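The values are calculated or read from the model by the stated rules, or taken from the named source; none is laboratory data. The structure displayed is predicted, hence computed values, not measured ones. Don't worry about glycine lacking a Cβ; one is built from the backbone with ideal geometry, like all the others, and counts go over all protein chains shown.
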Amino acid sequence: MRIELAKNMTNVRLAALLRLEAGFATRHYAVLGGAIHEVHALKADEARRVLDGGTSPLLAPEASARGISEADLAHAVLDKAQVQAEQLAQVEIDRQRAQADLKIAATPAAVEAVLAAYGIQPS
C-alpha cells in the first residue's frame, strides 16, 4: 500500500503570498522613493495650489533658485507626480495579477512558477 501525502496548498499559498508582498513592497518603495515620497506628495499639493492661483512657501524658493516661475515648477512637479502614479499603478496591477494567479495555482511547483514569473526569488 502506497500512501501519498499532499501539500497543504493553503499554507503553501500563504507563504508565497508573504514572499510576493515583500517583493512588491520593494517595487513600491522604488517607485515612491522612500521617505522622500512625503515631500513629493506635499509638493504636488502645493503645485495644485499654485496652479489654482495661489502661492507656495515650498515651491517659491525652489522656483526662484532655479530661475523659473512658480507655475512652470508646479507643472513640472505635477508631470513628475503623474509619471510616478502611472508607474505605481503598473506595480499594483502586476501585484494583483500575481495574487490572482497564486489563488489558482494547484501545486507547489505552480506556486513557484507564479512567483518566478513576477520576479520573486525562489525560497
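In this structure, LYS43 qualifies as touching a Ser or Thr at 6+ places or on another chain (Cβ under 9 Å) and not aliphatic (A, V, I, L, M).
Within region 1-29, residues that are loosely packed, with under 10 Cβ neighbours inside 10 Å reach no partner that is modelled with pLDDT of 90 or more with beta carbons closer than 8 Å at six or more positions or on different chains. Within the set ALA60, ALA65, ALA35, ALA74, the sole residue that is over 27 Å from LYS7 (Cα atoms), loosely packed, with under 12 Cβ neighbours inside 10 Å and modelled with pLDDT of 95 or more turns out to be ALA65.
Using the structure shown, decide if THR107 is β-branched (Val, Ile, Thr), under 30 Å from ILE120 (Cα atoms) and over 26 Å from the mean Cα position of the chain (by Cα). Even if it seems obvious, please write down each step before you answer.
Numbers: β-branched (Val, Ile, Thr): yes; under 30 Å from ILE120 (Cα atoms): yes; over 26 Å from the mean Cα position of the chain (by Cα): yes.
Yes; evaluated as a whole, the condition is true for this residue.
I need a count of the residues in region 93-111 that are in a helix (DSSP H, G or I) and in contact (Cβ under 8 Å) with a residue 40 or more places away in the chain.
Here is the first cut: in region 93-111, the residues in a helix (DSSP H, G or I) are 93-104, 108-111.
From the residues that got through so far, the ones that are in contact (Cβ under 8 Å) with a residue 40 or more places away in the chain too are 94-95, 98-99, 102-103, 108, 111.
Summing the residues that are in a helix (DSSP H, G or I) and in contact (Cβ under 8 Å) with a residue 40 or more places away in the chain in region 93-111 gives 8.
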